[in-house]
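Inspection log for the structure reproduced underneath, given as structure tokens.
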Ligand SMILES: Cc1ncc(COP(=O)(O)O)c(C=O)c1O
């Protein structure tokens, strides 16, 4: 029987995550999945985590108790030190909020800064989970195109002015994935980082710098984050343990202006009281013992091999096709312009037993976009961290068959 009472306006308009819907189709056992953005489960650091569970015996009174909304003290301090080291900024505990995944950073920041109808500037393409969260508070979007060097910041001023012209107000937030973006794999170039800070500061628009992949660089030197630069007082930096340790711990952080962090913490009190203390105590101990840095060293080597496997397989199988792409220097993803509509290619790929994510889900829809909306139909996201190198090789071969018309007429 249908639930007989009305939903809220936001809940009525909410659509299920298109990615989660796709997973229902691609879960066949003989399918090679390059679709999900998942870490390699065979590389989870089970033994060191098991050792760290000793802290539960030593201090169950903390680990199993409610904790401060802001986060477990030793973890807050570890985050503050780490972000200070990476950004050169002075980071105090009051600048840090531990969250239940970085998805919650977006949620709390959106609730703190946005009212229904406000416009968020996003990259096109961008992370669909962020679009979902911003939609939940009734936001609309303005899209800035991206290339292999990240957001085309040269176009940003015109987009800001366009929003002001069309809505009478400035955008309320810029959302950017600076390092090895999901989905484009692109890293925001240094000159664009500087220009982004200048423009955001001069227009008075805060910036969410979402950086779950920054520690997973396989080639070249890291670029300085936005947070902590001169003029970056409006930047909130989000980091996460999901890609560098395990998404199951659901631990992440926001670092930003103390007043803003306080505002987010107050809202968090009404969302989940505090992030799981057990997870925080365990992960704080894991970091304290120096395991994370050792794990990261191993993971960079591990994923570099997979990235190289995909780079080679794509060059080999798709080299002569109309598809084109740039090899990413880090992160989880290759982003391909297939040169044709990815929808039918996706259907044929399933028949060939390989799954990828069609690009459209990474772009805001036209009806929720202020100004020009960019089409994502020709793109495909391929994740290289989950599958083995051999599966990556076979999967790219299957994708090439789907692209050249294979898999027609079969059933999925
Ligand atoms: C760019 C980006 N931000 C945030 C998230 C959410 O991560 P978390 O597990 O920390 O909530 C993801 C997950 O894929 C992501 O790709």
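Could the peptides 263-269, 338-344, 6-12 be put in order, highest first, of the mean number of other beta-carbon atoms found within 10 Å of their residues?
For the peptides 263-269, 338-344, 6-12, the packing ranking is 263-269, 338-344, 6-12.
Using a Förster distance of 45 angstrom, determine the FRET efficiency expected from the C-beta separation of residue 81 and residue 38, and round it to 0.05.
Once rounded, the FRET efficiency stands at 0.95.
Taking the alpha-carbon centroid of each part, what is the distance from segment 335-412 to segment 1-38 in angstrom?
18 Å
Place the peptides 239-251, 315-327 in order of packing, highest mean first, counting for every residue the other Cβ atoms within 10 Å and averaging per peptide.
239-251, 315-327
Normalise the Debye intensity by I(0) for segment 189-237, one equal point scatterer per Cα, no solvent, then take log10 at q = 0.26, 0.29, 0.32 Å⁻¹ and round to two decimals.
Results for segment 189-237 at q = 0.26, 0.29, 0.32 Å⁻¹ read -1.00, -1.16, -1.30.
Can you give me the Cα centroid spacing of segment 270-333 and segment 46-71 in angstrom?
Result: 25 Å between the Cα centres.
Given only helices, namely DSSP H runs of n ≥ 4 each adding -39500 (n - 2.57), what is the per-residue ellipticity at 222 nm of the chain, to the nearest 500 deg cm²/dmol?
-12500 deg cm²/dmol
What fraction of the DSSP beta bridges in the chain is antiparallel, stated in percent and rounded to the nearest 5?
Roughly 50 percent of the beta bridges in the chain run antiparallel, per DSSP.
Among 104-111, 255-262, what's the highest-first ranking by average C-beta atoms within 10 angstrom per residue?
Answer by packing, highest mean first, reads 104-111, 255-262.
Using the count of nearby Cβ atoms within 10 Å as a rough guide to exposure, how do 310, 31 rank from fewest to most?
Fewest-to-most Cβ neighbours within 10 Å comes out as 31, 310.
Any read-out appearing in this document is the output of simple, stated calculations on the displayed coordinates, not a laboratory observation. Everything numeric here is computed off the predicted structure, so don't read it as measured data. Methodologically, a virtual Cβ is constructed for each residue, glycine included, from the backbone with ideal geometry; neighbour enumeration extends over all protein chains shown.
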